[in-house]
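Just so it is clear, none of the values below were taken in a lab; they were calculated from the coordinates. Remember, predicted model here, so these are calculated numbers, not experimental data. No Cβ is skipped: glycine too gets one built from the backbone with ideal geometry, and neighbour counts run over all protein chains shown.
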Ligand SMILES: Cc1cc2nc3c(=O)[nH]c(=O)nc-3n(C[C@H](O)[C@H](O)[C@H](O)COP(=O)(O)OP(=O)(O)OC[C@H]3O[C@@H](n4cnc5c(N)ncnc54)[C@H](O)[C@@H]3O)c2cc1C
């Protein structure tokens with residue numbers, strides 16, 4: 001089971017029309033809806049399960065500029081500004097704190113790469129620095145492993161995934177959002193070439209625009225409109241500990257294991273080095289597009305052929321207006337954690353930081369990360385269907401960037417001056433001849 005998430009109560013009245021329907025109550029859909037209602041746009045947010053029950057509550061909670069793809073830097077800078085005032089904006093606790101993020105450099109080659117990123121990031125007013133061995137030891141007392149240094153961004157932060165998205169959803173409702181949970185969208189309908197309504201399990205909603213922010217489900221939702229996006233899923237495992245005292249305030253990645261102090265006094269512990277890729281029909285379909293990224297990341301990815309192939313081949317079909325859909329059958333995507341990754345994380349953490357010798361695991365879970373071949377999101381209109389917009393493919397780092405991604409999506413839907421240049425995130429990059437490549441800095 002996933003972590004327990006702050007509950008949000010749905011709106012009482014089921015709407016029959018809205019200017020904009022947003023599909024997906026993860027942080028991206030919620031941030032989009034929040035930005036829209038703040039601009040006075042009548043908006044409905046539809047979630048098949050409950051707010052933030054999938055990736056948006058299962059993540060590490062890091063809000064980081066550190067080591068990001070250069071194309072995302074203007075957007076993450078805008079997002080960090082929004083995070084700074086998020087408790088005030090929502091009138092609630094989101095857990096955002098500016099506590100710094102550290103990525104250790106495990107080799108000279110990695111240290112060089114971190115230095116190159118620091119130089120690039122300076123052009124975007126990001127003042128990251130390279131910590132020496134002794135500076136790293138000061139910030140992470142008791143560290144036994146020997147690193148070549150570490151990439152550090154003091155102005156980076158963290159928030160609480162089980163609180164932030166619900167807080168933002170409640171703030172959006174205060175500003176007029178109609179939220180419907182346990183309300184799966186079966187299909188998006190068109191008339192005269194443009195979006196006209198969405199069909200949910202509880203009835204139809206007429207609208208002028210639809211934003212698909214369905215995380216791991218976006219590919220299927222778009223497929224239902226005849227639109228193809230090359231999206232795959234990666235399983236990542238996390239645990240949280242019971243409260244434990246350790247004098248480390250920043251979020252720290254030690255290569256095989258990463259830690260963040262939680263507001264409840266425990267720690268969120270995860271591994272960036274062992275993610276599982278289940279082979280599915282889509283893996284075969286999109287193998288060519290993902291091969292360059294896979295080659296670079298292969299040491300941290302474990303390919304697995306099992307039940308998921310059959311499940312997706314037989315059951316993951318686009319919805320139909322008059323039939324119970326896969327979205328209703330799987331209200332919350334709750335994959336089993338990878339047991340071997342869990343054991344390894346604990347061993348690695350105890351070895352690197354003996355202060356964690358007595359750690360007690362309170363809970364573990366996994367999430368399915370939605371990825372694109374260049375590991376940056378699509379935040380864009382879909383040229384072939386007027387009124388259809390997509391915000392998806394955040395490739396394992398969408399939590400921190402979501403507040404500005406939602407603002408950007410809202411700007412595009414309304415045809416306003418965008419918060420940042422939206423060109424890097426256009427959907428058409430997969431078909432207009434751009435060389436699709438992920439950047440690997442960390
Ligand atoms: C283990 C893990 C660690 C991570 N760590 C970090 C981190 O430290 N920092 C960071 O920035 N990012 C991190 N990420 C990534 C981040 O969590 C995601 O990029 C982000 O949460 C994506 O948000 P989303 O709203 O796009 O998707 P989701 O949170 O997955 O939400 C999509 C929602 O759409 C709903 N939906 C889908 N189909 C339908 C339908 N037909 N009808 C109605 N609703 C539908 C789903 O039920 C779901 O709730 C991590 C992810 C994981 C899994």
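Some points to look at:
- Of all residues in the range 396-407 being under 14 Å from the mean Cα position of the chain (by Cα) and more than 7 Å from the ligand (Cβ to nearest atom), the one that is surrounded by the fewest Cβ atoms within 10 Å (Cβ to Cβ): 404
- Top-ranked residue in the range 22-32 [being farther than 13 Å from residue 90 by Cα and in a helix (DSSP H, G or I); ranked as farthest from the ligand (Cβ to nearest atom)]: 32
- Residue 22 being within 15 Å of residue 185 (Cβ to Cβ) and in contact (Cβ under 8 Å) with a residue 24 or more places away in the chain: yes
- For residue 304, the conditions (1) within 17 Å of residue 54 (Cβ to Cβ); (2) touching a strand residue (DSSP E or B) at 6+ places or on another chain (Cβ under 6 Å); (3) surrounded by fewer than 16 Cβ atoms within 10 Å (Cβ to Cβ) all hold with the exception of (1).
- The set of residues in the range 295-343 that are within 16 Å of the ligand (Cβ to nearest atom) and over 19 Å from residue 278 (Cβ atoms) comprises 318, 319, 320, 321, 322, 323, 324, 325, 327, 328, 331.
- The range 347-388, residues that are surrounded by fewer than 16 Cβ atoms within 10 Å (Cβ to Cβ), more than 14 Å from the ligand (Cβ to nearest atom) and part of a strand (DSSP E or B): 361, 362, 386
- Hey, residue 427 within 14 Å of residue 230 (Cβ to Cβ), within 16 Å of the ligand (Cβ to nearest atom), surrounded by 15 or more Cβ atoms within 10 Å (Cβ to Cβ) and over 15 Å from the mean Cα position of the chain (by Cα) or not: yes
- Filter result for residue 419 (more than 30 Å from residue 143 (Cα to Cα), part of a loop (DSSP other than H, G, I, E, B), touching a residue at least 12 places away in the same chain (Cβ under 8 Å) and away from the ligand (no atom under 16 Å from the Cβ)): yes
- For the range 198-234, residues that are crowded, with 21+ Cβ neighbours inside 10 Å and assigned to a strand (DSSP E or B) total 10.
- Within the range 177-207, being farther than 28 Å from residue 3 by Cα, in contact with a helix residue (DSSP H, G or I) (Cβ under 8 Å, 6 or more places away or on another chain) and more than 14 Å from the ligand (Cβ to nearest atom) holds for no residue.
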